[in-house]
Amino acid sequence: MAKSAKKYAVRQPSSYELMGARIQKIINSPKAQQARDVTVHRLPDESEADWSRFLEEVAEAENVKV
């Protein structure tokens, strides 16, 4: 008897998650780690709401200047 194939729904990352992944790559780059400094900016295709949420969350982190 053949086993039935299970179907898994693949969840697409949200726009906020995609933006977060982009920013995380920048922050984790060797150059940023060595300098202990990074500048990030909103890309034209990123929503202002996502960016505002990000800035609010980062402002709550210790040792981070916005």
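The values are calculated or read from the model by the stated rules, or taken from the named source; none is laboratory data. Only a predicted model underlies this, so the values are computations on that prediction, with no experimental measurement involved. Backbone-built Cβ (ideal geometry, glycine too); neighbour counts: all protein chains shown. Quick note on the areas: whole protein, heavy atoms, side chains included, nothing else; ligands and nucleic acids left out. Shrake-Rupley method; radii C 1.70, N 1.55, O 1.52, S 1.80 Å.
For beta carbons closer than 6 Å, sequence separation of 6+ or different chains, a first residue in the range 16-31 that is on the phi < 0 side of the Ramachandran plot and a second that is surrounded by 10 or more Cβ atoms within 10 Å (Cβ to Cβ), the qualifying pairs are 16/50; 19/46; 19/50; 23/40; 26/38; 26/40; 27/38.
Here is a yes/no grid of residues against (1) open to solvent by less than 90 Å² (accessible area, probe 1.4 Å); (2) modelled with pLDDT of 95 or more; (3) of a type outside the set (D, E, K, R); (4) assigned to a loop (DSSP other than H, G, I, E, B):
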| residue | (1), (2), (3), (4) |
| --- | --- |
| 31 | no, yes, no, no |
| 38 | yes, no, yes, yes |
| 51 | yes, yes, yes, no |
| 56 | no, no, no, no |
